[in-house]
Structure formats: C-alpha cells, structure tokens
Amino acid sequence: DAGDFNLSANGEIKFYPFRKARKSPLSLGVNFETRLENPNWYTQHYNSNHFKWDNEFSKISTSTLQGTLSVPRWKLDASVGYALLAGNLYYDTQGIIRQNSSPMSVLSASLRKEFVLGPLHLDNTVLLQYSSNPEVLPLPNLSLNLRYFLQFVAQKSDDGLRDILVMQIGANAFYNSAWYSPAWNPALGVFQNQNERLYTNGPYFDVFLNLQWKRACIFV
C-alpha cells in the first residue's frame, strides 16, 4: 500500500439572521476529500468453485466536494455534491470484477423540508443523482422519502411540567425512478451489475408507531 493517502478538509460558517430566534443559526458547510488507495487482496486474487481471477489493478482515485445548507428554524437542509472517480472497481453483469478504465463523475443534490401544522408533521426529502457512466455505477436519478405523521403528548407528569409519553403515528413512503438495480451474487457475496430488469422499488409504505416514554424509545 505504499503511496496510499487520504486528505480531507471541512469548513463551516454560521449566521444568526433571525431576530425572534437569535440563537438559531443558518449554517453553510463545505467538505472536500481526496484519496488514493490500493485495491484489497480479494479484488485482485480470488479462487473458488465458480470464480477465479488474478488481477494487477492500479490504485483507485476518489475526489469529492460537497456543500451543505442547514436552517433548523425552517426545518430545512440542502446539499449538493460532486465526485470524480478514476480506476474504481465494479462487478460486471457476469459477476467478474473489473476496473473502470476512464474517469467518471457523479453529481448529487438533496433537499429536505419538514412542514409542521399543529400536530401534523410533513417531512419531505428529495434526492437527485447523475452518473456519467451508468454501466459502471448505476444510480436512480430521482429518489423520494415522504414521512408524514401525527405527534402529540399522550401523558404529562403530575405537575404538568414534563412530558412523560410522546407519540408519533404515521407512514413512511419511499419511491425512486426506474434503474438497473444491482443483483445479488450469492457465490461471491457481493452485488453485481445487471441490465435485464428495471426496478422502481416503489412507491411503498411503512406504517409506524414511535413512542418516547421517559428515557425509553419504542419503535414499531
């Protein structure tokens, strides 16, 4: 692993623009990371009943840059990111490990906003993604997570000053646009690329009950 390295840097600046909530910040953040690493042994040398390879892969280069915005008072979070990948490894449609011969890019942007209308909470998250080489790294272009629930205090202390039992009742919904979701390879214990079936994975819903009972959190 001679020559491997990892360099990262983080920065954040906070503003306090709200007159009615002087301690509530507006935060802007940035994260940068670049790393160069040697592929592990089993990606280069492997021998089993169904698969065998001996590779001499070059080092994997990954560089990422991400900016974030957080406004707790508005229950708002946003981020945008860019990644440059070179020499990244993937398992092709036959389950054979390959090294990407040309650099590729990944763009992403996410937005989370929660609306509170009395006891009703509408928590919405949207994720946009783009892969410049979906044959190497497939991604759904659009992904949604919608979490809608009612939150209320079911039991207070005898003096009425403390919340003993807080309840959330609602549903969690997931959806993403059609994409060639990786298939499971049981012989290798890894996910491999496939180009035969498009998956939308939704929408589907989970109904949940969340209880905060003193120091205990109960989730069903």
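Of everything in the stretch 79-108 that is of a type in the set (Val, Ile, Thr) and farther than 16 Å from SER132 by Cα, the residue that is least open to solvent (accessible area, probe 1.4 Å) is ILE97. Where strands (runs of 3 or more DSSP E) fall entirely within the stretch 10-78, those with at least 3 residues that are open to solvent by less than 70 Å² (accessible area, probe 1.4 Å) and at pLDDT 95 or above are at 26-37, 60-71.
For the stretch 119-134, the set of residues classified as assigned to a strand (DSSP E or B), surrounded by fewer than 16 Cβ atoms within 10 Å (Cβ to Cβ) and out of contact with any Ser or Thr (no Cβ under 9 Å at 6 or more places or on another chain) consists of LEU120, LEU122, ASN124, listed by residue number.
Among the residues of the stretch 168-194, those that are within 23 Å of the chain's Cα centre (by Cα) and in a loop (DSSP other than H, G, I, E, B) comprise SER177, ALA178, TYR180, SER181, PRO182, GLY189, ASN193, GLN194.
With respect to the conditions (1) under 30 Å from THR43 (Cα atoms); (2) modelled with pLDDT under 95; (3) not hydroxyl-bearing (Ser, Thr, Tyr), LEU139 lacks only one, and its number is (2).
Listed conditions (1) of a type outside the set (Phe, Trp, Tyr); (2) within 22 Å of THR125 (Cα to Cα); (3) free of Cβ contacts under 8 Å to residues at least 60 places away in the same chain; (4) assigned to a strand (DSSP E or B) are all met by ASN210, apart from (3). Taking residues in the stretch 7-33 that are acidic (Asp, Glu), and partners anywhere that are surrounded by 13 or more Cβ atoms within 10 Å (Cβ to Cβ), the pairs with Cβ atoms closer than 8 Å and at least 6 places apart or on different chains are GLU12/SER27; GLU12/LEU28; GLU12/GLY29; GLU12/VAL30; GLU33/THR62; GLU33/SER63; GLU33/THR64. Residue pairs whose Cβ atoms lie under 6 Å apart, sitting 6 or more positions apart in sequence or on different chains, and linking a residue in the stretch 42-68 that is within 18 Å of ASP92 (Cα to Cα) to a partner that is of a type in the set (A, V, I, L, M) and surrounded by fewer than 16 Cβ atoms within 10 Å (Cβ to Cβ), are HIS50/ALA187. Just to be sure, is LEU161 in a loop (DSSP other than H, G, I, E, B), surrounded by fewer than 16 Cβ atoms within 10 Å (Cβ to Cβ) and either out of contact with any Asp or Glu (no Cβ under 9 Å at 6 or more places or on another chain) or not polar (S, T, N, Q) (or both)? Answer is yes for this residue.
In contact with a strand residue (DSSP E or B) (Cβ under 6 Å, 6 or more places away or on another chain), in contact (Cβ under 8 Å) with a residue 60 or more places away in the chain and not aliphatic (A, V, I, L, M): does that describe GLY81? Criteria not met by GLY81.
Among the residues of this structure, ALA187 counts as one that is touching a Gly at 6+ places or on another chain (Cβ under 8 Å) and of a type outside the set (Ser, Thr, Tyr).
Residues in the stretch 195-207 that are assigned to a loop (DSSP other than H, G, I, E, B), farther than 30 Å from ASN47 by Cα and not small (Gly, Ala, Ser): LEU198, THR200, ASN201, PRO203. Note on the stretch 135-158: residues that are open to solvent by 40 Å² or more (accessible area, probe 1.4 Å), assigned to a loop (DSSP other than H, G, I, E, B) and either of a type in the set (Phe, Trp, Tyr) or touching a Leu at 6+ places or on another chain (Cβ under 9 Å) (or both) total 2.
The values are calculated or read from the model by the stated rules, or taken from the named source; none is laboratory data. None of the values given here were measured: they were computed from a predicted structure. Reconstructed Cβ throughout: ideal geometry from the backbone, glycine too, with neighbour counts over all protein chains shown. Just so you know, the surface numbers come from the protein's heavy atoms only, side chains and all, with ligands and any DNA or RNA stripped out. Shrake-Rupley method; radii C 1.70, N 1.55, O 1.52, S 1.80 Å.
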